[in-house]
Amino acid sequence: MKPVNLLPQSARPYVASGGRSTSSYALLGALALLVVAAVVYVSSANTITTRKDQIQTAQTEQAQAQQKAASLQAYGTYSQIASTRIATVAQLAVGRIDYERLMRETALVLPSGVWLDALDAEAGTGTSTSTPATPGTATGAGAPTVHLNGCAKTQDAVAATLVRLRAIHGSDDVNLNSSAKPIGTAAGSGGDGSASGGCGNNYAFDILVNLDAGKVNAAGDYGTKVPKRLGGGS
C-alpha cells in the first residue's frame with residue numbers, strides 16, 4: 001500500500017529537484033562574470049584617471065619650463081653676443097699688425113742718410129696701399145704687407161735699405177717699386193728736401209715688404225717675443 005503524506009504543502013520538508021540545479025549554476029556564473037566585469041571596469045577607470053593626472057602634471061611642468069626658458073632667453077642672447085664679440089676681438093688681435101714693433105725695428109734697420117715720408121701696413125691685402133706694386137712684387141691675397149715711401153741720398157743707400165728691411169720680424173720678401181730723383185727739382189733746394197717739402201735732390205723710393213702671415217699673425221706672437229732692445233720682454 002502506498003504511503004500518503006497528510007502534512008500540508010507548506011509544512012513539508014524541501015526536496016531539491018535536478019532541474020533547478022542547472023539554473024542555479026547559470027545564475028552563479030552570471031554573477032561571477034558581472035563581478036569580474038565590474039573589477040575590470042573599476043581598474044580601467046582608475047588607470048585612465050591616473051594617466052589623465054600624469055598628462056595634466058606633465059603639461060603643467062612643460063608650461064612652467066617654457067615660462068622659465070622665456071625668462072632666461074635674454075641672458076642666453078647676451079651670452080651669445082658676448083661670446084661673438086670676444087671671438088671677434090681675439091681674431092682681430094691675432095690678425096693685427098704690431099705697429100709698435102714694426103716702427104721700432106724699421107728705425108733700427110734704416111741705414112744712415114735714409115728717412116721715411118710714409119709708412120703703412122695692411123693685414124691680409126697682399127697689395128700696396130698707395131702706389132700699385134709692379135708685377136711680382138706682392139704675394140697672393142691674404143698676405144700682410146708694409147709699404148714704405150722715403151728718401152735716400154744715394155742709390156747705394158736704397159739698396160742697403162732693401163737688404164736691411166729683410167731683418168724686420170716676419171719679413172718674407174722685399175721689393176723695390178721705384179727709386180729715382182724727382183723730375184724738375186728746383187735749383188738751390190736743400191739736400192735733405194726741406195726746401196721743396198719732398199726728397200729734394202735725393203732719391204725718392206717706394207718699397208713694398210711682404211710679410212709671412214704665419215709669423216706675424218701667429219697666436220701669442222707678441223710681447224714676450226719682441227727683443228728687449230725693442231722694448232719687449234716686459
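Taken together, the values in this text are just the output of simple stated rules run on the coordinates, not laboratory data. Since we're looking at a predicted model, the values are computed, not measured.
Figures for the structure shown
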read-out: Potential lengthening between residue 176 and residue 25 on full extension [0.36 nm per residue; Cα-Cα distance subtracted]; value: 42.4 nm
read-out: Largest-first ellipsoid semi-axes for the range 20-95, taking √(5λ) over the Cα gyration tensor eigenvalues, angstrom; value: 70, 12, 4
read-out: Full-stretch length increase - residue 67, residue 166 - with 0.36 nm per residue and alpha-carbon distance subtracted; value: 29.3 nm
read-out: Under Karplus coefficients 6.51, -1.76 and 1.60, residue-wise ³J(HN,Hα) of the range 25-34 in Hz, glycine/proline x; value: 5, 5, 5, 5, x, 5, 5, 5, 5, 4
read-out: Stretch gain in nm, segment residue 52-residue 89, where the contour uses 0.36 nm per residue and the Cα spacing is subtracted; value: 7.9 nm
